[in-house]
1. List, please: which pairs have Cβ atoms under 8 Å, are six or more places apart or on different chains, and start with a residue in the range 81-101 that is more than 23 Å from T42 (Cβ to Cβ) and end with one that is open to solvent by 50 Å² or more (accessible area, probe 1.4 Å)?
2. Inside the range 167-200, can you point out the residues that are closer than 24 Å to E148 by Cα and small (G, A, S)?
3. Would you point out which residue out of V214, V192, V198, V184 is among the β-branched types (V, I, T) and farther than 22 Å from E278 by Cβ?
4. Hey, which of the helices (runs of 4 or more DSSP H) in the range 104-187, taking only ones fully inside, have at least 2 residues that are of a type outside the set (S, T, N, Q) and touching a Leu at 6+ places or on another chain (Cβ under 7 Å)?
5. All but one of (1) at pLDDT below 95; (2) more than 21 Å from Q301 (Cα to Cα); (3) exposed (fewer than 13 other Cβ atoms within 10 Å of the Cβ) hold for V17; state the number of the condition that does not hold.
6. With the requirement that a residue be closer than 16 Å to V17 by Cβ and assigned to a helix (DSSP H, G or I), what does the range 76-103 give you?
7. Going residue by residue through the range 286-298, is there one that turns out to be touching a strand residue (DSSP E or B) at 6+ places or on another chain (Cβ under 9 Å) and in contact (Cβ under 8 Å) with a residue 60 or more places away in the chain?
8. Of A73, A34, which residue is surrounded by 16 or more Cβ atoms within 10 Å (Cβ to Cβ), touching a strand residue (DSSP E or B) at 6+ places or on another chain (Cβ under 7 Å), in a helix (DSSP H, G or I) and among the aliphatic types (A, V, I, L, M)?
Amino acid sequence: MNFVDTLRSARSSRVAVLHEFWTQYDPAKRRIHAFFEGHEDTVFFGFFLREIEERGWRVCSYRCDGKPKVYEAFESITRKMPNVRRTLFFVDKDLDDILGIPWPTDPRVFVTDVYSIENYLATSDVLRKFAQDCLRSNNVKFEIEVIESQFKDQLKKFHTKMLPVMAWILTAKRSGKRPNLGNVDMKAIMQVSGGCAVQGVRGRTGILERATGVSGVSAPISRIIHAARELMRMQPKRVMRGKFEIWFFLEFWKAVRSNLEALAKEVGGKIEFTVALERRSMVSTLCGYIVIPRGLDLFLQSNLPEILSQGSKEELSRPKLSIWKRALKMIMGR
């Protein structure tokens with residue numbers, strides 16, 4: 001079998017993922033097994049699992065290609081080993097809690113407290129830290145706080161303008177329809193102006209129907225309005241699709257970048273951006289700018305206390321200070 005054949009046989013599938021797990025699972029070895037929905041989830045959660053590897057453990061990651069397959073893997077593994085340890089499962093919340101979808105609950109399954117992982121990244125704090133890192137200017141200075149303030153204001157407006165969209169999606173799902181949100185072109189329903197301000201596009205319902213393959217929500221408009229009021233009472237990041245938020249983050253940053261370049265040129269200055277921000281690599285680029293979410297931290301501490309209570313591999317191999325003190329006393333003849 002050549003290298004291409006090896007790669008072909010290793011393509012992700014539920015059977016392949018479980019086969020890989022059973023091949024690698026050995027409770028006697030220092031291994032943590034982590035199951036994820038897809039590539040970006042693997043990157044996001046993997047960033048916070050690096051601390052475990054720094055303590056001398058190996059993290060075995062399994063990409064399951066969707067939430068249902070993560071739960072299928074969970075049920076298959078726990079059916080054979082009900083008390084399996086150091087085997088964790090990570091999924092996005094989406095709208096499932098609002099829709100009442102009965103996924104299995106278990107201390108070994110982590111569910112985001114926001115819609116999805118992207119919601120953790122699309123924040124003013126991340127924007128500020130990223131801007132401070134990547135902006136390099138000559139003969140001109142910009143206050144990052146001004147950019148951060150504008151982002152906060154426009155993110156709130158984005159949530160307000162997108163609320164009817166999320167209400168439509170919620171109503172469609174409650175009507176038994178399955179809108180394909182991956183086909184939604186955000187630029188067709190929302191725009192970020194050159195002045196870094198968010199603007200809605202008219203006729204969004206029709207655009208959504210065509211893009212998602214839903215010919216029409218079989219519910220009166222009053223039901224959509226009721227859904228909007230329901231969502232309005234919740235924290236925006238709990239109900240706003242993460243991929244919509246991260247789209248806004250990127251479009252806002254593009255507008256900021258264009259403005260900074262133009263304003264710097266006006267006064268004979270120059271501004272450079274040391275890090276390129278692109279959609280396909282946004283998760284890996286921005287992960288380093290967030291503090292571990294509290295829920296995720298508690299989840300890891302609860303499931304891996306014997307590992308996270310230890311020092312890092314380097315700390316564990318470092319002699320204690322008391323040893324050095326005793327050695328010094330011997331040298332000094334005391």
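1. The qualifying pairs are L99/K173; L99/R174.
2. Across the range 167-200, the qualifying residues are S193, G194, G195, A197, G200.
3. From the options V214, V192, V198, V184, the qualifying one is V214.
4. Working: elements: 117-121, 124-134, 144-174.
Of the helices (runs of 4 or more DSSP H) lying wholly inside the range 104-187, those with at least 2 residues that are of a type outside the set (S, T, N, Q) and touching a Leu at 6+ places or on another chain (Cβ under 7 Å) span 124-134, 144-174.
5. Going through (1) at pLDDT below 95; (2) more than 21 Å from Q301 (Cα to Cα); (3) exposed (fewer than 13 other Cβ atoms within 10 Å of the Cβ) one by one, V17 breaks only (3).
6. Answer for the range 76-103, where residues must be closer than 16 Å to V17 by Cβ and assigned to a helix (DSSP H, G or I): S76, I77, T78, R79, K80.
7. If we filter the range 286-298 for residues that are touching a strand residue (DSSP E or B) at 6+ places or on another chain (Cβ under 9 Å), which is where we start, we get 295-296.
Filter again for in contact (Cβ under 8 Å) with a residue 60 or more places away in the chain, leaving 295-296.
Yes, the conditions are met somewhere in the range 286-298.
8. Numbers: A34 fails: in a helix (DSSP H, G or I).
Checking each option against the conditions leaves just A73.
The values are calculated or read from the model by the stated rules, or taken from the named source; none is laboratory data. Remember, it's a predicted structure, so these values are computed and weren't measured experimentally. Neighbour counts run over all protein chains shown; Cβ positions are idealised from the backbone, glycine included. When the accessible area is computed, the model is the full protein with side chains, heavy atoms only, and any ligands, DNA or RNA have been set aside. Shrake-Rupley method; radii C 1.70, N 1.55, O 1.52, S 1.80 Å.
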